[in-house]
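I have a structure I would like to understand better, so I am pasting it below and will then ask my questions one at a time.
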Amino acid sequence: MKNFKIKLFLISLIVVCSCSDDFVNVESEDENSENFFNSEQDYQDALIATYDALQWTYLNVMLGEIASDNTLAGGESATDVPGIQEIDDMIHTPVNTQLRDIWGFMYGGINRANFIIEFQDKTEFADKNGVIAQTLFLRSYYYFELIKWFGDVPFVADKRIQFGDQFDIDRTPKAEIYAQLEQDLIFAIDNLPTVQVETGRVTKGAAQALLGKIYLYQEKFTESASVLESLISSAPYSLLSDYSTLFENDNENNVESVFEVQYTDLEGAGFGCLQCSEGNVAVGFNGIRSYNGPLFESGFSFNVPVQEVVDEFEDGDLRLETAILDIEAWSNETGATYTEGNEHTGFYNRKYISRQGDTNIGDANLTNPNNYRAIRFADVLLMAAEALNRGGIDDARAQLYLNQVRERAFGNSDNNVLATGSSLTNAIYHERRVELVGEGHHFFDLVRTGRAAQEIDGFIQGQHELFPIPDIEIQLAGNRWCQNPGYTTTATCSN
Amino acid sequence: MKGYISTLLLLTLASLSYAQSINVKGVIQDSDLMPIPGANVIVKNTNTGAISDFDGNFVINNVSAGATLLCSYIGFVTQEIVVTNEDSLVITLLPDVAQLDEVVVIGYGTQRKKEITGAVSVVSNETIEELKPVRVEQALQGQVAGVNITSSSGSPGAASNIQIRGISTNGDSRPLILVDGNVIEDLSVINPNDIESINVLKDATAGIYGVRAANGVVLIKTKTGRKEMPTTIEYSAYGGFQQTTRKIPVLNASEYALLANEAFAAGGQSLPFPNISGLGVGTDWQDAIFEDAPIFNHAISLKGGGKKSGFSVSSSFLTQDGIVGRKKSNFTRLTKSLNYSLDILKNLKFNTGILFTATNKKNLPENALGSVLFNALNMDPTKPIDGRAIGLGGEVINPLSQIGATYNRTKVSKIGGNFGLSYNFLDHFTVQSNFQFNYAEVKGHIFNPITDFGLQDNTDTVFDREVNEVIESFNYFRDYTFDAFIKYENTFNENHNLNVMLGTSVFKTTGKFTGDRGFQIIDNSISNATIELASDVEDLNQVLGRDPTFDSRLLSYFARVQYNFKGKYLLSAVMRRDGSTKFGPENKFGYFPSGSIGWIASDESFLSDSNTIDFLKFRASYGILGNDRIRDFGYVALLNGEGTYVLDGQLIFGTAQGAVSNPEIQWEKQKTLDIGVDIKLFDNAIDITADYFEKRTEDLLVVPQVSGLLGVSSPGSGAPTINAGIVENKGFEFAIGFSKQLSDNFKFGLRYNVTTIENEVISVSSDGAFLTGGGFGIGQDPPSRMEAGFPIGYFRGFKTDGIFQNQSEVDAYPTINGAVQAGDLRFVDINNDGVIDDDDRTDIGNPLPSATMGLNLSLDYKNFDFVAYAFASVGNEIVRNYERNQRLTNKTTYALDRWRGEGTSNTTPRVTTGATSNTLFSDYYVEDGSFVRLQNIQLGYTFSDGAFNNKNIDKLRLYVSASNLFTLTEYRGYDPTTSSGAPIGGGIDQGFYPNPKTFLFGLNLKF
């Protein structure tokens, strides 16, 4: 009997362990991306992740300045981040870590946006159009960055790019992409509020400004002027009266900020994943090398302004002190100490260097809370002026907008520009350079207006208007794409 | 002592003899009291006899009293016993040293070593006792052909990398490790004193273990008490100290200042040391951080057995300080184990074992940019011992300050156990089931105080911290394995031996990570460093963007047939069906067959009388093994990425996709061929094993670089796992041993083994594709690659051809980006296109050795025993990456031979602070890593039986031992034996923590 029981026990053991194949069917505790979007919250959560990619544009801003004639690469030594040094010297090649980062980061943002678009019809809720509008704005922002850097780029607008898809996507002519972005931004304008409840979200004004900018890049001056003027004429944006407070951390999301990328020092970050930082990585990179003194904090001395851009400021231009830090003068004045880095010019990009007063957690250099004022009302005014002038629409109104900016800059109207025609155009170009110095626009302004070759040392016409698509990215997509003109490449395109 | 039992019995029985017919029964066991099933018992000069059953029992009826039983079994000396009455006999067979007696665990059973058809190496208890390893891996190092062990660090408690027959996967290349059948990941939980033997399965016959056996299997058997065993207590202890094997010669303060001035001048900058006189030798930072560090270990065990049961209990404690940072890198380990076996019924056996381990490890940053040793090599020698790191770049700081500011500890408490039942029925059937489990809790505590290593009040180094933080983590891991199988064993027509097994196995492992990070510790003091006292506490899972839990499982069915004819012609075949949670619904299950054959030629009549050849076996095996060691859920796109933004000034946590998915992933398959021969010659004095093997891994599971279009660079995302590529390892193993009792007092043994491995990547995903890994300098492309036509993880960089001696040489030769001058390295224009660019980077080294070998010598003379062993590695290269190459970082002394003008040097480039291509990765930074190391010498003395009046003491042995006494190598770094073990990115030295030289004094005591 005892034996029988034991046999029974053993046999039952065998039966118990002869599990069905279901034993190895395990569901992850993480949600499957195919089963998401069942509530408004799901859409909102995916949208936050799409916003996240804005923070990764710190590199675009930094390199947009370094590539121009405004600043030098700097850093610790001539070999400190070779990819940045090469872009500064216009000797960049299709092997460049930073260009690959920009490429990858922007597609990261686009994929997050397209995740929402892919499932946009799954669940209905009241403000769905508002969510889609924000999504489309962000996607347009990322595609626009890609076009600025690389020209024609692979374009997908209805779904995520999944593994395997990368071998089937050709570069779409930028005109076609622009057409889609215009359509998306018009939808955004129609469906976004003028003021968002939460600071940091995209507004109708932001969409108008971006659309106006995209028109301007295509030299569609009428359309550009029209959308920018409608933004100018409606609330709530205006110039901040005191330029010197514009870039301080206690004056973020001010009345001049049409669109601002939000950063914080609430979470640390490390060098292993710069894009994981919730802080503005560029600020630490731009910071003063080994600084010890009031107001500012140390950084890595990249992106240092040159004498030429300092000289571009007219006498009496109050913006100079806010835009450019003369470190020697500052040191003499305050007793602050610092050391000289590579390509030391004596100047720092004062708008975006680290300041005291943040929490300094994590790697303090990588987690500066300074928001990036991506589209300022001053920029909008200058873009409108340019569109009106270059489009031959109305130089008087162009002067009006330009002089609004200048009046603030000089604190009076004595320096107002009265020129018209091409002189006015040049005045607007000058104004853009000094008003927006250090904000990452100048290289692209030079390229789109055809002035880059004459202004930037080493810039080769017909080549450097576009950056090379990293060779490795061409290879990893199956060698379908040709390299941008002028770059020697190991990639072999099939057409 | 035990050996006399049967003799005594025999004498007793003989004296009582008188003629009559009796029924004889008894049990046959070996000297370890293990029952011997299948032994022959024949009544001498008759045809009557029996074969012992599973428990070694036999019964022969109607034997005339006074008859002689002949009791025999392969590998044992045949015994004759005169039977006189019906008392149960206990017959202990003594091993026949002339035979292969070892029983080898081969997976769900054991097999006589003689009959094994696979490539199996055994490290015996004897060898382990000789080696006195502090860590188990050290018992394998240099002992077993085909097993290569490198340590990732010489710091206390650091893990070792074990590779069996090379690297055949770019993923996890660790073998499967089983302790008494229980899977473990980390050998540090085992007290080496508890180990009875280690078997290493190296070829396709490991396939019976199915999943994860593709990298080979290490089977560890622990000591346990047995039935009828007298109770014994063993105590062993050793203590000693460790010291560094090497200091790298770096410039002293005066030399350093001189070269710094020269470099600044060359870069067109003002001199940093206008006045060199009086700088002297300055601070020797290596002297400052290296210390002699103590190590102590105690172990005690109790073993015994009753009529139906056996048990063992043991406990050990190890404490070891580090040669860098002493107590700041201390490691302690406490182990307790319990084994118990019981015969519930004659044919129903139960066994159980519990192993508890508690370790406590403190760590300093090591083998990385910014590690303590890296800093010691690069720190400014003109600075005093408490000096600040000024102008050394953000990554180099004072190593002593760094040690002072490092506070971390990891406590691991782990309990593992097994329960097994075995039931024997209908003579030939056995059904067995085993349940094994592990539970581990890992508690981590890190305190990062406010620090300021560089300029005062300035965050100019990456280690400076203006807000302190504390991280407390608590993770647990649990797994279980449940096996059940049924075996049928029988012999037909005397000569056909058949063994069939059918079984199933399930494995499940789960775990959970929890933790918090907090800031603003009051007084910046470790004593306040708890989460409770911290502010702004955040959830570590959220910070790290990781999954808090995991759950992965395996389900397997397997069948094995073993057949032999007369024990001479051997055949074995295995079929497994494995299912893994790692793969999607389409590809969950894989079928993995393997088979092997063997022929014992020495049993053939034409060799059986040979005086030279005692044993000769040929064997061959082939099989396909599966590998699933990849991350979970790679086949499905999950929302575990990081998507955090800031709204209203607050962090808002969104939902983003994690790693890119690939629904198509399936099992990696390794096809393994082994052909081997085992020979014993000259009365077994010489023992030779030779094997040729080929391992071809197909459908390699790789995480390749993929197109940025897929969003892989988003936080929390990553490349998908795909099946792509083929890697081949071909090699030859040869082991020879000589062992002889030369006189009554003198025994001599010498063993040598060598393994050659040729590794080649046949393909990687698509044409021209490659995978990269490792790091060199800062901001440079990864130096290691996996690419078709090269060994896995080969180094790719520029080839150099001396130094440009003058400007005309520079002008006449293609250079990189125009920044080259006389005194710089001349990179070879590999493709002769007139420019030096990425296409000129080429194969400049292989981190894998082409051959590894071990040599062991043992001598026993009277009461003395002596053992020495050495191992060597030939043909591997190491990348020198412990130099920061910043303007004011220190240099090693070879920089004194720098180029200073035409004809001054053709090997070492000029020094400069200007832009230079000399810091680009080239063969200038690649060194030969071949070495020979005397790993251990040990001298022991065992006191004679009569030496103590105390009868309780059975044995006392005292010994002295020196480990890692010297290494012959041309490698200039700390230790050529260390490697990160990464398949792509191994062999890059960022200031490896050297394996210390260790001097021990110890004793073994047995009651």
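Can you check what the Kirkwood hydrodynamic radius comes to for chain B, Cα pairs only, in Å to one decimal?
After inverting the mean inverse Cα-Cα distance, the result is 31.6 Å.
Still on this structure, please answer the following. Average partner chain C-beta neighbours within 10 Å, per residue of B:918-925? Before the final figure, lay out the partial values.
Numbers: counts 1, 2, 2, 0, 0, 0, 0, 0.
That average works out to 1.
Once you sort the root eigenvalues of the Cα gyration tensor of the protein assembly as shown as a ≥ b ≥ c, which label holds: rounded (a/c under 1.5), prolate (a/b larger than b/c) or oblate (the other case)?
prolate
Of A:365, A:354, A:339, which is farthest on the positive side of the dipole of the stretch A:263-370, counting Cα position, with +1 on Lys and Arg Cβ, -1 on Asp and Glu Cβ, and the Cα centre as origin?
A:365
When the distances between all Cα atoms of the stretch B:619-757 are binned every 5 Å from zero, what whole-number percent does each bin get?
Per 5 Å bin, starting at 0, the Cα pair percentages come out as 2, 8, 12, 11, 10, 8, 8, 7, 7, 6, 5, 5, 4, 3, 2, 1, 0, 0.
Taking θ = phi - 60°, what integer Hz values does the Karplus form 6.51 cos²θ - 1.76 cosθ + 1.60 yield along the stretch B:113-121, in sequence order, with x for Gly and Pro?
Listing the rounded values in order: 4, 4, 8, 6, 10, x, 8, 10, 10 Hz.
Taking the Cα centre of the protein assembly as shown as origin, sum charge times position over the Cβ atoms of Lys and Arg (+1) and Asp and Glu (-1), and report the length of that vector in debye to the nearest 20.
Values: 117 positive and 186 negative charges, 1624 e Å.
For this selection, approximately 7800 debye.
Step through the residues of the stretch A:333-343 one at a time and calculate ³J(HN,Hα) from phi using the Karplus curve (6.51 cos²θ - 1.76 cosθ + 1.60, θ = phi - 60°), rounding each to whole Hz and writing x for Gly and Pro.
For the stretch A:333-343, the Karplus curve yields 6, 10, x, 5, 10, 7, 10, 8, x, 5, 6 Hz.
Shifting gears a bit: Calculate the mean, over all residues of peptide A:106-116, of how many other protein chain Cβ atoms lie within 10 angstrom of the residue's Cβ.
The mean count of partner-chain Cβ atoms within 10 Å per residue comes to 5.
Could you tell me the distance between the Cα centroids of the stretch B:982-1007 and the stretch B:149-221, to the nearest Å?
The stretch B:982-1007 and the stretch B:149-221 have Cα centres separated by 17 Å.
Averaged over peptide A:42-51, how many Cβ atoms belonging to another chain are found within 10 Å of each residue's Cβ? If you can, show how the numbers build up before the last one.
Details: counts 2, 1, 3, 7, 6, 5, 11, 15, 4, 7.
Mean shielding by partner chains, rounded to a whole number: 6.
Using Cβ counts within 10 Å as a stand-in for footprinting exposure, how do B:531, B:792 rank, fewest first? Mind showing how you got there, number by number?
On the way: B:531 15, B:792 32.
Arranged by neighbour count, lowest to highest, B:531, B:792 become B:531, B:792.
Continuing with the same structure: Over the stretch A:263-370, how many percent of alpha carbon pairs lie in each 10 Å bin up to the one with the longest distance?
Computed distribution, short to long bins: 16, 45, 30, 9, 1.
How about residue B:44: which aspartates and glutamates have a C-alpha closer than 12 Å to its C-alpha, ignoring those fewer than 8 places off in the same chain?
Once the sequence-local aspartates and glutamates are set aside, what remains near residue B:44 is B:80.
Using a cut-off of 16 Å between alpha-carbon atoms, which lysines can reach residue A:204, once sequence neighbours fewer than 8 places away in the same chain are excluded?
Those lysines meeting the cut-off are A:128, A:213.
Right, another one. Give me the angle, in degrees from 0 to 90, between the Cα long axis of helix A:128-150 and the longest principal axis of the Cα atoms of chain A, rounded to the nearest 10.
Long axis of A:128-150 versus the principal axis of chain A: about 70 degrees.
Counting each pair of different Cα atoms once, what's the Kirkwood radius of the stretch B:103-222 in Å, rounded to one decimal? Walk me through the numbers before you get to the answer.
Details: mean 1/r = 0.0694 Å⁻¹.
After inverting the mean inverse Cα-Cα distance, the result is 14.4 Å.
A further question follows. Using unit Cβ charges (K, R positive; D, E negative) and no other charged atoms, how large, in debye to the nearest 20, is the dipole of the stretch A:263-370 about its Cα centre?
Numbers: 5 positive and 18 negative charges, 82 e Å.
Its charge dipole is roughly 400 debye.
Then there's this: Using all Cα-Cα distances in the stretch B:553-701, what percent lands in each 5 angstrom bin from 0 up to the longest?
2, 8, 12, 12, 11, 9, 9, 8, 7, 6, 5, 3, 3, 2, 2, 1, 1, 0, 0
What number does chain A give for Rg over Rh if you use C-alpha atoms and the Kirkwood radius?
Details: Rg = 25.8 Å, Rh = 24.3 Å.
On the Cα set of chain A, Rg over Rh gives 1.06.
Still on this structure, I have one more. Would you work out which of B:350, B:935, A:175 lies farthest towards the positive end of the dipole of the protein assembly as shown, given +1 charges on the beta-carbon of Lys and Arg and -1 on that of Asp and Glu, about the Cα centre?
Looking along the dipole axis, the top candidate is B:350.
Something else about it: Hey, which of these cross-link pairs are over 18 Å Cα-Cα: B:227/B:336; A:148/A:220; B:862/B:955; B:328/B:512; B:414/B:1006?
Values: B:227/B:336 22 Å; A:148/A:220 16 Å; B:862/B:955 15 Å; B:328/B:512 28 Å; B:414/B:1006 29 Å.
Distance filter (> 18 Å) returns B:227/B:336; B:328/B:512; B:414/B:1006.
What is the extension gain from residue B:523 to residue B:893, computed as 0.36 nm multiplied by their sequence separation minus the C-alpha to C-alpha distance, in nm to one decimal? Can you show the working numbers first?
On the way: separation 370, 0.36 × 370 = 133.20 nm, distance 4.25 nm.
Extra length from residue B:523 to residue B:893 when fully extended: 129.0 nm.
Report ³J(HN,Hα) in whole Hz for each residue of the stretch B:231-248, in order, from the Karplus equation J = 6.51 cos²θ - 1.76 cosθ + 1.60 where θ = phi - 60°; Gly and Pro get x.
The phi angles translate into 6, 10, 10, 10, 10, 9, 8, 8, x, x, 9, 10, 9, 5, 7, 6, 10, 7 Hz.
Going 7 Å from the Cα of residue A:38 along its beta-carbon direction, which residues of the stretch B:629-653 have the amide nitrogen within less than 17 Å of the resulting point?
Counting only backbone N, you get B:637-640.
Pop the C-beta distance of residue B:78 and residue B:970 into the FRET formula with R0 = 60 Å and round what comes out to the nearest 0.05. Intermediate values should be presented prior to the final figure.
Details: r = 56 Å, r/R0 = 0.94.
Efficiency at R0 = 60 Å is approximately 0.60.
Applying a 10 Å radius around every beta-carbon, put A:292-301, B:444-453 in order of their mean neighbour count, most first. Please report the intermediate quantities before stating the final value.
On the way: A:292-301: 21.8, B:444-453: 19.6.
Highest to lowest by the protection proxy: A:292-301, B:444-453.
Additional query: Per the helix-only calculation at 222 nm, which mean residue ellipticity applies to chain B, given -39500 (n - 2.57) for every DSSP H run of n ≥ 4 and division by its residues, nearest 500 deg cm²/dmol?
The per-residue figure over chain B is -1500 deg cm²/dmol.
Sort B:83, B:412 so the one with the fewest other Cβ atoms within 10 Å of its own Cβ comes first. Walk me through the intermediate numbers first.
On the way: B:83 24, B:412 21.
Going from sparsest to densest Cβ surroundings: B:412, B:83.
Rounded to the nearest 0.05, what FRET efficiency is calculated for residue A:244 and residue B:258 with R0 set to 41 Å and r the Cβ-Cβ distance? It would help to have the intermediate numbers written out before the result.
Numbers: r = 49 Å, r/R0 = 1.19.
E between residue A:244 and residue B:258, to the nearest 0.05, is 0.25.
Now for a separate question. Which order do the peptides B:57-66, B:364-373 take when ranked by the mean count of other beta-carbon atoms within 10 Å per residue, highest first?
Numbers: B:57-66: 15.9, B:364-373: 21.6.
Top of the packing list down: B:364-373, B:57-66.
May I ask which residue of B:270, B:253, B:141 lies farthest towards the positive end of the charge dipole of the stretch B:117-270, with charges of +1 (Lys, Arg) and -1 (Asp, Glu) on Cβ and the Cα centre as origin?
B:141
Quick check: the angle from helix B:3-15's long axis to the longest principal axis of chain B, C-alpha only, nearest 10 degrees?
0 degrees
Straight-line reach from residue B:891: which lysines fall under 16 Å, measuring Cα to Cα and dropping same-chain residues less than 8 apart?
Partners within reach: B:247, B:383.
What's the tally of Lys pairs in the stretch B:103-222 whose alpha-carbon atoms lie under 18 angstrom apart, where the two lysines are 8 or more places apart or on different chains?
On the way: B:113/B:202; B:113/B:221; B:114/B:202; B:132/B:221; B:202/B:221.
Going through the stretch B:103-222 pair by pair, I get 5.
With 10 angstrom as the radius, rank A:139, A:201 by how many other C-beta atoms surround their C-beta, starting from the fewest.
Working: A:139 27, A:201 21.
So the residues, fewest neighbours to most, are A:201, A:139.
Whole angstrom only: what separates the Cα centroid of the stretch B:854-933 from the Cα centroid of the stretch A:187-233?
62 Å
Can you tell me the orientation of helix B:253-266 relative to chain B, as the angle in degrees between its alpha-carbon axis and the longest Cα principal axis, to the nearest 10?
So the helix axis and the longest Cα principal axis differ by about 50 degrees.
So, in the stretch B:631-737, how many Lys pairs have Cα atoms under 25 Å apart, if the pair is 8 or more places apart or on different chains? The partial results should precede the final answer.
Values: B:669/B:695; B:669/B:730; B:671/B:695; B:671/B:730; B:695/B:730.
Step by step, the pairs that qualify in the stretch B:631-737 add up to 5.
Report, in debye and to the nearest 20, how large the dipole of chain B comes out about its Cα centre when Lys and Arg carry +1 and Asp and Glu carry -1 on their Cβ. Mind showing how you got there, number by number?
Values: 84 positive and 110 negative charges, 614 e Å.
Value, rounded to 20: 2940 debye.
Every read-out reported here was derived from the displayed coordinates using simple, explicitly stated rules and does not represent laboratory data. Computed from a predicted structure; not experimentally measured. Reconstructed Cβ throughout: ideal geometry from the backbone, glycine too, with neighbour counts over all protein chains shown.
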